[in-house]
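Trainee: Sharing a structure with you now.
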Amino acid sequence: MSSTITRRAGALPGALTEMERMVDDWFRAFPVRRPVYAGRLREEAAIRVDEFVEDGALVVRAELPGVDPAADVSVTVADGLLTVRAERGGEEERSEDGYRRRELWRGAMSRVLQLPEGVVADDIAASYTDGILEIRVPMPEPPAPAEATMIPISTG
């Protein structure tokens with residue numbers, strides 16, 4: 001089943017995207033508090049991404065080292081938005097001078113990006129190689145310009 005993504009009515013394609021990028025860049029430096037399951041809160045940071053167009057596709061690359069893409073990363077598309085979520089965790093243990101120290105840590109990250117109007121969700125592909133998540137979104141063909149229609153003018 002194929003679904004087409006459309007942009008909200010009245011959105012300015014270039015200006016809105018640029019403004020969203022500026023806001024994303026500003027917020028990227030701050031951890032965001034998000035509600036988490038089981039009634040507790042967890043810090044969730046923004047995933048840094050590179051976006052560019054290559055060979056007719058929007059390419060989104062995110063550095064996600066140390067994650068298992070099958071278990072810890074999700075890429076979803078809904079309402080014209082591409083959402084990337086990842087969780088990273090680890091364990092460190094040290095024994096030194098008669099004491100033992102063990103640390104467990106876990107962190108969540110996410111990023112939401114506006115997709116161009118007309119993108120078909122089923123055509124989007126994602127791959128993970130050497131710590132880099134790459135998402136390729138085929139760019140839709142721009143719509144043909146509508147021909148002008150003469151409107152008759154009535155008098156009287």
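Trainee: I need the full set of residues from segment 54-68 which are of a type outside the set (G, A, S), in contact with a Leu (Cβ under 7 Å, 6 or more places away or on another chain) and over 17 Å from P138 (Cα atoms), in order please.
Mentor: Within segment 54-68, L64 is the sole residue that qualifies.
Trainee: When the residues of segment 81-96 are filtered to those that are of a type outside the set (D, E, K, R) and modelled with pLDDT under 90, which remaining residue is farthest from S110 (Cα to Cα)? Even if it seems obvious, please write down each step before you answer.
Mentor: First, pick out the residues of segment 81-96 that are of a type outside the set (D, E, K, R): 81-84, 86, 89-90, 95.
When the remaining residues are screened for being modelled with pLDDT under 90, the result is 89-90, 95.
Values: G89: 15, G90: 18, S95: 35 Å.
Among those that are of a type outside the set (D, E, K, R) and modelled with pLDDT under 90, it is S95.
The values are calculated or read from the model by the stated rules, or taken from the named source; none is laboratory data. As the structure is a computational prediction, the values presented were derived from the model and not from experiment. Positions of Cβ are backbone-derived with ideal geometry, glycine not excepted, and every protein chain shown enters the neighbour counts.
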